[in-house]
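The values are calculated or read from the model by the stated rules, or taken from the named source; none is laboratory data. Computed from a prediction, not measured in an experiment: that's the story for all the values here. Cβ placement follows ideal geometry from the backbone for every residue including glycine, while neighbour counts extend to all protein chains displayed.
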Amino acid sequence: MNRPLLLLLCSLTFLCTCDRAQEKAVTFAKENGPPNILWLTCEDISPLLPMFGDSTAQTPNLNRLAARGVRFPNTFSVAGVCAPSRNCITMGMYPISIGGHNMRTQGGIDRLQAIGLPGAYGALPPPEAKMMSQVLRENGYFTSNNQKEDYQFFAPKTGWTDKGSQAHWRHRQDPEQPFFSIFNMEITHESQIWMTRKSNLRFKAGFEKASTEKAGWQGILEGDDRPQLTVAPDNVPLPPYLVDDQATRTDAARVYSNIEIMDQQVGFLLDQLEEDGLLDNTIIFFYSDHGGPLPRQKRLLYDSGLRVPMIVAWPDGRRAGAIDSTLFSFVDLAPTVFSLTGIEIPEYCQGQAILGDQAAPPRDYVFAASDRLDGFYDRIRAARDNRYKYLRNYYPERGYYLPVVYREQMNAMQSLLDGRDDGSLTDVQAQWFRKSKPGEELFDTQADPHELNNLAGNPAFAGKLSELRLAMDNWLAEVGDLGATNEVDLVQQFWNGADELPVTGRPQLRRDSIGRFVLESKTPGAQIAYQLTKPGEKPGPWEVYVEPLIYTRGDTLRAVAQRIGYAESGESLGW
C-alpha cells in the first residue's frame, strides 16, 4: 500500500475512533449526569513509572489505574517548579501573562524584601478570570482541595467548598451532587529526599464523618524513624549529568522509594472511591506538578523538569490501556475539565480542551517559561513539538546553574558541587556549570533525551530552528510576557503605584424590583462569597454569589469580596 493512502486510512481511523469516543461520552453523560472529577496529584516526578517505561519502582495501584485509563506520555508543565505551575493549572492561563511566573510571590517575605520587593504580592489575572474550581462551583459542583494551594495569589473564599487537611468528597451534604476533588501527595516532593522524620511523610488528615466508618486518609507511616529504602541504590538508573557515587544513588533510591509510598496513597483513595460506589461516575486524573526533584531536573526547562506522567481513566473503561501521544500542556487542564463536565470554556482560558465534547485539534507545540527562582533572576522560554525543543535564553551572559540554597541540602547536589570544585566532573556533568549559555538552543529529544547536544548552530537543523523560533514569537505575542518587566515595577503596576496590596471593595447590598438581595462590589473582577444562616444554625461553607438572594427576616447574611491578586475586603455582616 502506498504511503499517502496509508496515511489517509490512518487519519480516517483516528477520526472514527474519536467520533465513537465522543458519541460514547455524550451517551454516558445523558445516562449518568455530570461526571465527578478526581485529581490525584503528586509532586516533583518525571514519568519514572512502569506504565511509562521505568520499572524501577513497584506501583501496583497506578498500574491498575493505567490499565483502565489512557496514558499521555507527552504531558508537560508550563514551568519546572511548583508555584508557577499551579498558578497555570488553577487559572487555565500562562503565568507569564498574569504575573505568576516568578517563583513564590507570597512565601518568604524576608527573601522578597531582600530583592527590593515591598513584600508578598499576587498574580493579577484579568477581571473576568476565575479559579477553575469556582467555575465548577457555579455549575453545581462540590469542590474540595486536600490541601496544597501555592497559586501565586491569595485564594478567594469562592474557590473551594471544602479545603484543608481534612477536605474530601465525603463532606458533600448531598451525595448526588457531582464533585471535583484534589488530593495532593507530598511524599515525592524534593524535600523528602533529605527530610529525616517520618512525621514529614505521614498523611495530613484523619477525616471523620458519622455516616462513614472509613472516612479519610489512613496513616500508613508511623513513628519518627525514617522509612527504609524499598529500592536498592545499586539498582537505580542515573542520568549522565549526575555524579555516579553512593550519595547520589541513595538520593535516587529515595526518589523511587517515595514513589512506592505515593502509590500506596493512590491505592487508598481508589479504594475509598470504590467503597463509596463512585467508580462508575468519576473521571480520574493522575499527574505530577512538574518534572523530577534531582539536580538539573526541577526548576529547569529541559524535559527532565517539564515532562510529567499523566493518566486519565473514565468510569466506563473508555480507551482502557491506550497510549495517546497528543501534546498535553498544563494550560489545557482547566479547559479539558470544563469540556468533560459540559461547561462552556471561558474565553480567557489560554489552553485548549484535549478531551470531551469541546476538544480541539491536537496542538503542534507546548510552551514553558522560567524566571526568578528564589532570589536569582534568569529568563528562559521554551517551545517544543513532538520531538524538538527550542530554548531562548534572554541572559546568555549568565550561567545555567543558580545556587538555590534549598536545593543544596541534597547530597546529590553536593556531589556535583564537590566535583565542580575539584575538577573531577565529566564534560556532561560540568555542562550545567558553564559561566554563560547560548542565546538559542535546539535539542532533538528523541536522539538526545537528556538535551546535551545543542543543534542551534547546525545548518542541517536551520529549518526546525526557524519553525520553533517563529512558534515562540507567535505564542509570546498572543499571551503577552510580563517576564520582560522588572519585578518591582510589575508589582507597582499591579498595585496602581501604592505601597501595599490593594484591598477589594466591601460588598454592598441593595434590593431588586422583587425584593431579593443583590450583592455588589465596586472593584472590577471582585468575586463575592456569602453565608446565609437561619437562626440557631451554624454557618455552612462560604457560597459563591451568582444571583440575587431571597432573605428572610431574622437570617444572618455575611459577605466578603475579593479580586484575585487583591486582598480580601472587610466583611459585610448583619442584614
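Only one entry of L117, L112 meets the criterion of being in the same structural domain as F286 (by TED's automatic domain parsing), of a type in the set (A, V, I, L, M) and without any contact (Cβ under 8 Å) to a residue 40 or more places away in the chain, and that entry is L112.
Number of residues in segment 503-524 that are in contact with a strand residue (DSSP E or B) (Cβ under 8 Å, 6 or more places away or on another chain) and either in contact (Cβ under 8 Å) with a residue 40 or more places away in the chain or closer than 14 Å to P156 by Cβ (or both): the value is 11.
Against the conditions (1) touching a helix residue (DSSP H, G or I) at 6+ places or on another chain (Cβ under 6 Å); (2) in contact (Cβ under 8 Å) with a residue 60 or more places away in the chain; (3) closer than 20 Å to M93 by Cα, I343 satisfies every one except (1). Taking the stated definitions as given, is L532 farther than 30 Å from D150 by Cβ and buried (at least 17 other Cβ atoms within 10 Å of the Cβ)? When the stated conditions are applied, L532 passes them. Within segment 479-502, restricting attention to residues that are of a type in the set (V, I, T) and in contact (Cβ under 8 Å) with a residue 60 or more places away in the chain, the residue that is surrounded by the most Cβ atoms within 10 Å (Cβ to Cβ) is V491. Of the residues making up segment 455-478, not a single one is within 15 Å of A369 (Cβ to Cβ), in a loop (DSSP other than H, G, I, E, B) and either without any contact (Cβ under 8 Å) to a residue 24 or more places away in the chain or acidic (D, E) (or both).
What's the total number of residues in segment 384-430 that are of a type in the set (G, A, S) and touching a residue at least 40 places away in the same chain (Cβ under 8 Å)? So the count comes out to 3. Determine which single condition G505 fails, assuming it passes every other condition in (1) under 35 Å from the mean Cα position of the chain (by Cα); (2) at pLDDT below 95. Of everything listed in (1) under 35 Å from the mean Cα position of the chain (by Cα); (2) at pLDDT below 95, G505 misses just condition (2).
Would you confirm whether any residue within segment 440-454 is free of Cβ contacts under 8 Å to residues at least 12 places away in the same chain and over 27 Å from the mean Cα position of the chain (by Cα)? It would help to see each step written out before you state the result.
Taking segment 440-454 and keeping what is free of Cβ contacts under 8 Å to residues at least 12 places away in the same chain, we get 447-448, 453.
In the following step, the residues that additionally are over 27 Å from the mean Cα position of the chain (by Cα) were identified as 447, 453.
For segment 440-454, residues free of Cβ contacts under 8 Å to residues at least 12 places away in the same chain and over 27 Å from the mean Cα position of the chain (by Cα): present.
Pairing residues of segment 225-238 that are within 23 Å of S304 (Cβ to Cβ) with residues that are at pLDDT 95 or above and assigned to a loop (DSSP other than H, G, I, E, B), at Cβ distances under 7 Å and at least 6 apart in sequence or on separate chains, gives V231/T56; V231/A57; N235/T56; V236/T56; P237/T56; L238/D244.
Within segment 108-138, if we keep just the residues that are more than 30 Å from P35 (Cα to Cα) and out of contact with any helix residue (DSSP H, G or I) (no Cβ under 8 Å at 6 or more places or on another chain), the residue that is modelled with the lowest pLDDT turns out to be G108. The number of residues in segment 526-563 being under 30 Å from L490 (Cα atoms) and either assigned by TED's automatic domain parsing to the domain that holds Y141 or in contact with a Leu (Cβ under 7 Å, 6 or more places away or on another chain) (or both) comes to 1.
State whether the residues of segment 414-429 include one that is buried (at least 21 other Cβ atoms within 10 Å of the Cβ), under 30 Å from I343 (Cβ atoms) and touching a Ser or Thr at 6+ places or on another chain (Cβ under 8 Å). Even if it seems obvious, please write down each step before you answer.
As a first pass, look at segment 414-429 and keep what is buried (at least 21 other Cβ atoms within 10 Å of the Cβ): 415-416, 429.
Filter once more, so that each one left must be under 30 Å from I343 (Cβ atoms): none.
No, every residue in segment 414-429 fails to be buried (at least 21 other Cβ atoms within 10 Å of the Cβ), under 30 Å from I343 (Cβ atoms) and touching a Ser or Thr at 6+ places or on another chain (Cβ under 8 Å).
Does segment 505-513 contain at least one residue that is out of contact with any Pro (no Cβ under 6 Å at 6 or more places or on another chain), crowded, with 16+ Cβ neighbours inside 10 Å and of a type in the set (A, V, I, L, M, F, W, C)? Checked segment 505-513: no residue is out of contact with any Pro (no Cβ under 6 Å at 6 or more places or on another chain), crowded, with 16+ Cβ neighbours inside 10 Å and of a type in the set (A, V, I, L, M, F, W, C).
So which of N61, N87 is touching a helix residue (DSSP H, G or I) at 6+ places or on another chain (Cβ under 6 Å), crowded, with 24+ Cβ neighbours inside 10 Å and modelled with pLDDT of 95 or more? Before the answer, list the steps.
Working: N61 fails: crowded, with 24+ Cβ neighbours inside 10 Å.
Testing whether each residue is touching a helix residue (DSSP H, G or I) at 6+ places or on another chain (Cβ under 6 Å), crowded, with 24+ Cβ neighbours inside 10 Å and modelled with pLDDT of 95 or more leaves just N87.
With the structure loaded, tell me whether G206 is at pLDDT below 95 and in contact with a Gly (Cβ under 8 Å, 6 or more places away or on another chain) or whether it fails that test. So that I can check it myself, show each step before the final result.
Numbers: at pLDDT below 95: yes; in contact with a Gly (Cβ under 8 Å, 6 or more places away or on another chain): yes.
Taking the combined requirement at face value, the residue satisfies it.
Wholly within segment 54-147, which helices (runs of 4 or more DSSP H) include no fewer than the required count, namely at least 2 residues that are of a type in the set (V, I, T)? Step through it out loud before you land on a result.
Numbers: elements: 60-67, 82-91, 95-98, 109-114, 132-138.
Here the list reads 82-91, 95-98.
Scanning segment 141-167 for residues being surrounded by fewer than 21 Cβ atoms within 10 Å (Cβ to Cβ) and within 18 Å of the chain's Cα centre (by Cα) gives a total of 8.
With respect to being within 24 Å of L470 (Cβ to Cβ), at pLDDT 95 or above and touching a Pro at 6+ places or on another chain (Cβ under 8 Å), P396 fits the description.
Please go through segment 520-529 and give me each residue that is crowded, with 20+ Cβ neighbours inside 10 Å and of a type outside the set (V, I, T), ordered by number.
S521, A526, Q527, A529
Scan segment 408-428 for residues that are in contact with a helix residue (DSSP H, G or I) (Cβ under 9 Å, 6 or more places away or on another chain), over 15 Å from A247 (Cα atoms) and in a helix (DSSP H, G or I) and the total you get is 1.
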